[in-house]
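Okay, so here's the structure we're looking at.
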Amino acid sequence: MLTIALSKGRILEQTLPLLKKAGLEIAAEELNSRKLILDTNLDDVKVVIIRGTDVPVFVQHGAADMGITGKDVLLEHGANGLFEMLDLGIAKCRLMVAAKSENYQQGNILKVATKYVKSAKKYFEQKGQPCEIIKLYGAMELAPVVGLSHCIVDIVDTGNTLKANGLIPLDHIEDISSRLVINSASFKTKNAAIKSWVNAIEKNL
Amino acid sequence: MKSWQLPEGIDELSGNQALNFEMLRRQLIDLYTEKGFGLVIPPMVEHVDSLLLTSDSVNEKTFKFLDPVSGKMLGVHADITPQIARIDARRASVSIEKYCYINAILQTSADDFYDSRSPIQAGAELYGSNEISADIEVIELMLESLKILSIDPVVISLGNVAIFNALMADESLDSDQAAELRHIFAHRSSPDLAVFINKHPLVNAPLFNALIKLEGDNSALNQALDLFVNFPNAINAIKDLQAIDQALKGKNIQASYDLAELQTYEYHTGIVFSAYNQNYSKALAQGGRYNGIGESFGQSRAATGFSFDLKFLSQSN
């Protein structure tokens, strides 16, 4: 039996066609049901659909053998115990620093609002820039506008939300897309089954 | 928080769990001493310098504090292997020495291998032999230990750090870049390797790309012999794995080969191995070769060994 953890929302919409091409289908009635563990067209494969941030946790602890989630989530989680074998090339965006203007820093300590705490800390540490991280869970764009922070670190897709709030994208930190992750122990104990899925998905990318 | 609650990652055994642990501890020590591995009980606390060697990972995992008597920094052991290296160096022996231990250790954070911050590390180490027979001896002892712990069936995954190191010898990466590359290999992340090679062109880029995916049954070893034909150290490393493959035949053990495996600690220099069972989501026991680990104690010797968390495995027994 293999369990695959999928991220809800935008990633799921782009994941399902990829899985279908690889031979895995989830019926519409399963997707629309309130079930948490979904059946697939294959008896030996189950799917759980959860928040993207929970996918690496499920896979790390063996609650799922494989998972699909964003690189941004993996950077924050640390990806301990996970193999990141494929870049699926879906849900592409960029992790960036954005602010009201290029000269966003005032004072010695840079105030950064973000939900990507680890990535932001690492980026400014590498630049040698002391910073104070303000952890937010959403509406990051608001922080510089109301004076909560000097800049934000967030994922940028079209840049329209930034623009609408008077912010401009500045430094590029990392390209983000969805990754296929595998529990490192499952990869050893269920090697043949997992490898055949990795190959089937890779062939159809 | 109530003061009688234990800190995060610290746990205890009581009742039947404690009794079961003690029974298994006795059986394991009987096994190791029968096989000529002498019991050592290293101190819980030592000077930091002798606990860390050159391993950044061990450094990060070690609790440290100031000794008010000497004014020096002391550490609580986070890994027994550096202590065995010190004990072996002090003996100044030129012959083969074998050690075993079952000791509580303390780590600043849990990791892939140790779920808790307070594991009880059991292990055996063999010093003074660079022969592949020494690696086979400790692997067989690890498998016998798992049998005592009723872990069955076992999948053993084998690799050899010397292959990665042979490719690295041609590269001019600084220590941060080398650490990043090791991290990429630890996650078998081919996508991140492509990004890394874009930023830092590698002389052996095609071989690194092949190595990160090189795993499977013993046919992977034949592929590796073809791929790394111009790297004598890598070829020797692959031949060592073939010798182990031969030795494991007929033992009812499923062996797989993962040539991108680098293990947790930087001190490994050759063969590395981990044991898995389908009911567990992590490696249950692991080990490998760490030649020259005692160099900073004035005695550079060949060494190989394994360890596991007896507290964790005894609870699933």
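The values are calculated or read from the model by the stated rules, or taken from the named source; none is laboratory data. Values in this document were obtained by computation on a predicted structure and should not be read as measured data. Quick reminder, even Gly has a Cβ in these numbers, built from the backbone with ideal geometry, and neighbours come from all protein chains shown.
General remarks:
- Residue in segment A:30-45 that is over 18 Å from residue A:1 (Cβ atoms), touching a Lys or Arg at 6+ places or on another chain (Cβ under 9 Å) and touching a residue at least 12 places away in the same chain (Cβ under 8 Å) present: no
- Number of the condition not met by residue A:13 [criteria: (1) away from every other protein chain (no Cβ under 14 Å); (2) touching a residue at least 24 places away in the same chain (Cβ under 8 Å); (3) assigned to a helix (DSSP H, G or I)]: (2)
- Residue list for segment B:254-284, restricted to those being in a loop (DSSP other than H, G, I, E, B), of a type in the set (A, V, I, L, M, F, W, C) and in contact with a Ser or Thr (Cβ under 9 Å, 6 or more places away or on another chain): B:283, B:284
- Residue pairs whose Cβ atoms lie under 6 Å apart, separated by 6 or more positions or on different chains, with the first residue in segment B:251-277 and among the acidic types (Asp, Glu) and the second at pLDDT 95 or above, are B:258/B:157; B:258/B:159; B:258/B:215; B:261/B:159; B:261/B:272.
- The set of residues from segment A:140-189 being touching a helix residue (DSSP H, G or I) at 6+ places or on another chain (Cβ under 6 Å), within 14 Å of another protein chain (Cβ to nearest Cβ) and within 18 Å of residue A:118 (Cβ to Cβ) comprises A:173, A:176, A:179, A:181.
For (1) more than 16 Å from residue A:9 (Cβ to Cβ); (2) under 12 Å from the mean Cα position of the chain (by Cα); (3) small (Gly, Ala, Ser); (4) within 12 Å of chain B (Cβ to nearest Cβ), each residue gets a yes or a no:
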| residue | (1), (2), (3), (4) |
| --- | --- |
| A:45 | yes, no, no, no |
| A:48 | no, no, no, no |
| A:61 | yes, no, no, yes |
| A:69 | no, yes, no, no |
| A:75 | yes, yes, no, yes |
| A:94 | yes, yes, no, no |
| A:99 | yes, no, yes, no |
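- For segment B:216-253, the set of residues classified as within 14 Å of chain A (Cβ to nearest Cβ), part of a helix (DSSP H, G or I) and surrounded by 15 or more Cβ atoms within 10 Å (Cβ to Cβ) consists of B:220 only.
- In segment A:105-113, the condition of being within 14 Å of chain B (Cβ to nearest Cβ) and in contact with a Ser or Thr (Cβ under 8 Å, 6 or more places away or on another chain) is met by no residue.
- Top-ranked residue of segment A:190-203 - restricted to ones that are surrounded by 13 or more Cβ atoms within 10 Å (Cβ to Cβ) and touching a residue at least 60 places away in the same chain (Cβ under 8 Å), ranked as nearest to the other protein chains (Cβ to nearest Cβ): A:190
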